[in-house]
1. Cβ-Cβ under 8 Å, sequence separation 6+ or interchain: first residue in segment 96-108 and on the phi > 0 side of the Ramachandran plot and of a type in the set (Lys, Arg), partner modelled with pLDDT under 85 and surrounded by 10 or more Cβ atoms within 10 Å (Cβ to Cβ). Which pairs?
2. State whether the residues of segment 205-212 include one that is in contact (Cβ under 8 Å) with a residue 60 or more places away in the chain and touching a strand residue (DSSP E or B) at 6+ places or on another chain (Cβ under 6 Å).
3. In segment 202-256, how many are among the polar types (S, T, N, Q), in the same structural domain as Asn124 (by TED's automatic domain parsing) and in a helix (DSSP H, G or I)?
4. Residues being assigned to a loop (DSSP other than H, G, I, E, B), among the β-branched types (Val, Ile, Thr) and modelled with pLDDT of 90 or more: count how many of those fall in segment 166-193.
5. For segment 114-135, name all the residues that are over 12 Å from Ile204 (Cα atoms), within 15 Å of the chain's Cα centre (by Cα), surrounded by fewer than 24 Cβ atoms within 10 Å (Cβ to Cβ) and not hydrophobic (A, V, I, L, M, F, W, C).
6. Answer yes or no as to whether Gly246 is in contact with a Lys or Arg (Cβ under 8 Å, 6 or more places away or on another chain) and in contact (Cβ under 8 Å) with a residue 60 or more places away in the chain.
7. When only residues in segment 4-13 that are touching a helix residue (DSSP H, G or I) at 6+ places or on another chain (Cβ under 7 Å) and not β-branched (Val, Ile, Thr) count, which is nearest to Ile77 (Cα to Cα)?
8. Out of everything in segment 182-216 that is in contact with a Phe, Trp or Tyr (Cβ under 9 Å, 6 or more places away or on another chain) and under 18 Å from Gly226 (Cβ atoms), what residue ends up being surrounded by the fewest Cβ atoms within 10 Å (Cβ to Cβ)?
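The values are calculated or read from the model by the stated rules, or taken from the named source; none is laboratory data. In this text the structure is predicted, and so the values were computed from the model without any measurement. Cβ atoms come from the backbone with ideal geometry, glycine included; neighbour counts cover every protein chain shown.
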Amino acid sequence: MLLAIDVGNTNTNFAVINNGEFLAFFAMTTKLPRTSDEFSAAIREQLMIKDLPIDGIDGCIVSSVVPAIMHSLVNGIIKLTGIRPMEVGAGTKTGIKIRLANAKEAGADRIVDLAAAYSIYGGNTMVIDFGTATTYDLVEKDGSFRYGITCPGIRISANALWSDTAKLPEIEIKLPDTILANDTVSSMQAGLLYGCIGQTEYIIKRVKEEAGLKEMKVVATGGLGGIISQATSMIDEYDRRLTMKGLEIIYNKNIR
């Protein structure tokens, strides 16, 4: 079984995968400081809850955009399983050719998502990740990653609304039935969600035009991606497990 870990700015997500079959998912808050012993204990507890044997874990891979927690996380995994995790980074075979102006600026999470999309859907595919930030990345026909757009995520925008204004309340992030809001809460929800839908559709349209791609597959992922995907016909697929699929694909490329 493979323990796949995606360390994001907000949450750290875990999946246990056995030859493409997802056996378990769980998550921890990234910003909470933990020692290696605390990571080891927390992962052990989750595996026990899901009735998965620790000695059944024979591989581990980590993608991270938060370097500060990696020492404790890696050592926690070693203490628990005796395995040093494979870390996605420079020198890792991903199947993606990074053609950005500065390849070192490419986040590991974005590369993992593109590796999954390219393997599953082929080239000329855009991946939209609705995470802490919302990112729009294009993988070309030959596997090149040359263009990416980064926007504030929906939760970042929501937090800015209620943190930086005196009278606006903290709200549930959900799509209201209509954009014609007549109260404060639905007004904020309409602005956040319909605004994101409009942004999404415009960026997809503009990328198609400027890249000269009449046919471009658009795949969304990320926690809030499901809400946006259901509200626009311009997103072809929503795959919440895309990152974990990418981690398994990359792991298999590097152990063969």
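1. none
2. no
3. Here the count works out to 3.
4. Number satisfying all stated conditions: 2.
5. Correct list: Thr132 only.
6. no
7. Restricting to residues being touching a helix residue (DSSP H, G or I) at 6+ places or on another chain (Cβ under 7 Å) and not β-branched (Val, Ile, Thr), the top hit is Ala4.
8. Ile204
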